[in-house]
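Novice: Sharing a structure, written as structure tokens. Questions coming.
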Amino acid sequence: MAMADQEARNRLVAAMQRDDKPAMDLAIGDMMREDRLNGAGMKRIVASVGWPTYTRVGREAGHMAWLIVQHQDADPEFQKHCLRLMEPLVAKGEVSGTDFAYLTDRVAINTGGMQTYGTQMSLVNGKAVPTRLRDPRRVDERRRQVGLGPLDEYIRLIEQMYAPAQGLGVTSAL
């Protein structure tokens with residue numbers, strides 16, 4: 001599931017970098033189809049065993065489970081459910097604090113709230129801008145607490161990754 005997820009997103013990023021609108025439209029359709037299929041699979045897994053912890057499935061598979069849920073933007077209730085399952089597992093080392101931070105922000109953005117860690121971006125004229133960021137002055141402190149680097153470094157990474165996507169309102173696919 002994670003490989004299909006990333007392949008679809010990589011096609012979209014490549015099309016954005018080429019500024020190829022027809023290819024972007026096709027890649028978005030592929031990505032949405034993969035997200036639906038993967039979401040159904042993750043719902044079955046979570047219903048059956050709960051959150052796939054590192055102890056149960058290993059670090060890589062645990063991270064891949066998060067990746068699938070991170071991209072379930074069409075179902076923010078499922079994202080919130082998984083976030084609640086993940087939260088107590090972070091302190092136990094069964095879930096990555098970074099993964100938890102990304103999903104926290106994604107749920108906030110998808111439900112009209114303010115993000116905490118600045119992981120979700122919009123591109124405005126080729127510049128990455130954190131979408132609805134709570135307390136920007138303290139964001140780097142919050143990012144550091146969960147293992148994320150400084151926001152300005154992340155912004156540069158996003159701008160490099162999605163160039164030349166000028167003027168597109170795109171949420172980070174990371």
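The values are calculated or read from the model by the stated rules, or taken from the named source; none is laboratory data. Model, not experiment: these values are computed from the prediction. Cβ sites come from the backbone with ideal geometry, for glycine too, and all protein chains shown count toward neighbours.
Novice: Inside the range 18-31, can you point out the residues that are loosely packed, with under 14 Cβ neighbours inside 10 Å and either touching a residue at least 60 places away in the same chain (Cβ under 8 Å) or closer than 14 Å to residue 72 by Cβ (or both)?
Specialist: 19 - this is the single residue of the range 18-31 that is loosely packed, with under 14 Cβ neighbours inside 10 Å and either touching a residue at least 60 places away in the same chain (Cβ under 8 Å) or closer than 14 Å to residue 72 by Cβ (or both).
Novice: Testing residue 144 on (1) closer than 30 Å to residue 17 by Cβ; (2) touching a Pro at 6+ places or on another chain (Cβ under 9 Å), one condition comes back false. Which one is that?
Specialist: It fails just one condition, (1).
Novice: Within the range 82-138, which residues are over 15 Å from the mean Cα position of the chain (by Cα), charged (D, E, K, R) and either modelled with pLDDT of 95 or more or buried (at least 19 other Cβ atoms within 10 Å of the Cβ) (or both)?
Specialist: Within the range 82-138, 84, 87, 92, 94, 132, 134, 135, 137, 138 meet the criteria.
Novice: Going through the range 41-74 one residue at a time, which ones are surrounded by fewer than 17 Cβ atoms within 10 Å (Cβ to Cβ) and closer than 26 Å to residue 15 by Cβ?
Specialist: Listed by number, the residues that qualify are 41, 73, 74.
Novice: Of everything in the range 137-155, what is part of a helix (DSSP H, G or I) and free of Cβ contacts under 8 Å to residues at least 24 places away in the same chain? Give them in sequence order.
Specialist: 137, 138, 139, 140, 141, 144, 152, 153
Novice: While we're here: Taking residue 16 as the residue in question, decide whether it is under 22 Å from residue 158 (Cα atoms) and in contact with a helix residue (DSSP H, G or I) (Cβ under 6 Å, 6 or more places away or on another chain).
Specialist: yes
Novice: Something else now. Which one of these does residue 78 not meet: (1) at pLDDT below 95; (2) among the aromatic types (Phe, Trp, Tyr); (3) under 24 Å from residue 52 (Cβ atoms)?
Specialist: (1)
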